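Structure first, then comments.
Only the coordinates and a few stated rules stand behind these numbers; no lab work does. Remember, predicted model here, so these are calculated numbers, not experimental data. With ideal geometry, Cβ positions are generated from the backbone for all residues, glycine too; neighbour counts draw on all protein chains shown.
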Amino acid sequence: MKCDICNETIEDLDDVMTYYGKNLCEDCYIGELHRPKPCDPMAVSSAKKNREMMGQSGTDGLTSLQKKIVEHLKQHGKATQPDIAEALNVPIGEVQTQFGVLRHMEIAKGTKVDGKVYMTLF
Ligand SMILES: [Zn+2]
């Protein structure tokens, strides 16, 4: 078995890591896990597919905080993450986490305006 990234032969099959359908050695696997993937098409399509399989659309299946963020964006058009954190009275880290989820579901996205990153709806 060869690693799909570095092409190194992996002697022990127990050491083969599978990640998004790729066979990786341990080093590359760890590298992949830590690689930031803001626009991973696989993650996006699987998040979308999960929702489709569950018959969800719009804000179905969202947590109440995710729905509040979507509502806020509907009302304001666009908002920065600190603005949302303040408006909804939640920690900024929570807004960032939820935004990651919403972005994967293609509900919200980031837009840069005048050097500031705003969240907007798709
Ligand atoms: Zn490798």
Search result, residues across the stretch 88-118 that are in a strand (DSSP E or B) and either out of contact with any Leu (no Cβ under 6 Å at 6 or more places or on another chain) or among the acidic types (Asp, Glu) (or both): 109, 110, 111, 112, 113, 116, 117, 118
Every residue from the stretch 4-31 that is surrounded by fewer than 13 Cβ atoms within 10 Å (Cβ to Cβ) and under 21 Å from residue 46 (Cβ atoms): 18, 20, 21
Residues within the stretch 1-16 that are within 9 Å of the ligand (Cβ to nearest atom) and of a type outside the set (Asp, Glu), tallied: 6
Pairs with Cβ under 7 Å, 6+ apart, first in the stretch 3-15 and touching a residue at least 24 places away in the same chain (Cβ under 8 Å), second of a type in the set (Gly, Ala, Ser) and near the ligand (Cβ under 10 Å from one of its atoms): none
